[in-house]
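The structure's right below; bear with me while I get my questions together.
The values are calculated or read from the model by the stated rules, or taken from the named source; none is laboratory data. Keep in mind the model is a prediction, meaning the values are calculated, not measured. Cβ placement follows ideal geometry from the backbone for every residue including glycine, while neighbour counts extend to all protein chains displayed.
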Amino acid sequence: MTTSGPRFYIPALASVLLFFGLVYLYTREFAILSNTIRVSRLIIGAMLVMGLLGAGLIWWFRERLTPWSRHITEIVLVVLCSLLFAPLFGSLLNRGLGSTEFQSFTFLAETPYFASGYGFMKNTSLQPTGYFLEVQDRSGQHLRLRYKKQAYYPITQPGDPILLPVRRGLFGIRVVALQ
């Protein structure tokens, strides 16, 4: 059986486009993951669940994948993709089925940061790329949040209480919704 011809190009093209779409979603999700409270729990939990789902998928198709030596690439692809994209799916599920409420935090600092992929030109005025907001929650945990739009608290003093929109997700992981 030959694998050339147009009917084999369509699934290959669809899988490549799906992969690039997932990578695009992942890059958009990094900003949200950086503002997730206790993100390590979300990532580890999602990787465990997706690892089990990947192993279950391999077990489900075990007869089709015999002999194992001929299908090592497919098995590795399923395991790697399920583990690599697990944080993306976990974050999307957590945020998508959650509710937003305002919670009180103690303001510590708001500092601008500057970032450039190619360096900075000499004798040019720099505009902040984004801001770091350092707050403390009720349990005493110190949080460093990142956002890009504008300075939200330019006249707030350290120690003042502030309200931030927090989305409590499906898995109980909280995400601070700053733009």
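Every residue in the stretch 103-119 that is of a type in the set (A, V, I, L, M, F, W, C) and surrounded by fewer than 10 Cβ atoms within 10 Å (Cβ to Cβ), please.
Passing the criteria: only Ala115.
Let me ask you something else. Applying the selection to the stretch 118-129, what residues are under 29 Å from the mean Cα position of the chain (by Cα) and on the phi > 0 side of the Ramachandran plot?
Within the stretch 118-129, just Gly119 meets the criteria.
Taking the stretch 157-175, which residues are surrounded by 15 or more Cβ atoms within 10 Å (Cβ to Cβ) and over 25 Å from Leu97 (Cα atoms)?
Ile162
Could you figure out which of (1) in contact with a strand residue (DSSP E or B) (Cβ under 9 Å, 6 or more places away or on another chain); (2) basic (Lys, Arg); (3) free of Cβ contacts under 8 Å to residues at least 12 places away in the same chain isn't true of Arg62?
(1)
Rundown of residues vs (1) aromatic (Phe, Trp, Tyr); (2) closer than 29 Å to Leu133 by Cβ; (3) surrounded by 14 or more Cβ atoms within 10 Å (Cβ to Cβ), yes/no style:
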| site | (1), (2), (3) |
| --- | --- |
| Leu13 | no, no, no |
| Leu17 | no, no, no |
| Leu22 | no, no, yes |
| Arg41 | no, yes, yes |
| Trp60 | yes, no, no |
| Ser69 | no, no, no |
| Leu80 | no, no, no |
| Ala86 | no, yes, yes |
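Among the residues of the stretch 32-39, is there at least one that is in contact with a strand residue (DSSP E or B) (Cβ under 9 Å, 6 or more places away or on another chain), touching a residue at least 12 places away in the same chain (Cβ under 8 Å) and among the basic types (Lys, Arg)?
Scanning the stretch 32-39, I find at least one residue that is in contact with a strand residue (DSSP E or B) (Cβ under 9 Å, 6 or more places away or on another chain), touching a residue at least 12 places away in the same chain (Cβ under 8 Å) and among the basic types (Lys, Arg), so the answer is yes.
Within the group Gly117, Gly172, which residue is without any contact (Cβ under 8 Å) to a residue 24 or more places away in the chain and within 13 Å of Ile37 (Cα to Cα)?
Gly172 is the lone residue from the list that is without any contact (Cβ under 8 Å) to a residue 24 or more places away in the chain and within 13 Å of Ile37 (Cα to Cα).
In the stretch 133-156, how many are at pLDDT 80 or above, closer than 15 Å to Leu178 by Cα and either loosely packed, with under 15 Cβ neighbours inside 10 Å or among the β-branched types (Val, Ile, Thr) (or both)?
3
Suppose the filter is of a type outside the set (A, V, I, L, M, F, W, C) and surrounded by fewer than 11 Cβ atoms within 10 Å (Cβ to Cβ); does Ser125 pass it?
So Ser125 passes the test.
Can you tell me how many residues within the stretch 18-38 are of a type in the set (A, V, I, L, M, F, W, C) and not in a helix (DSSP H, G or I)?
Qualifying residue count for the region: 1.
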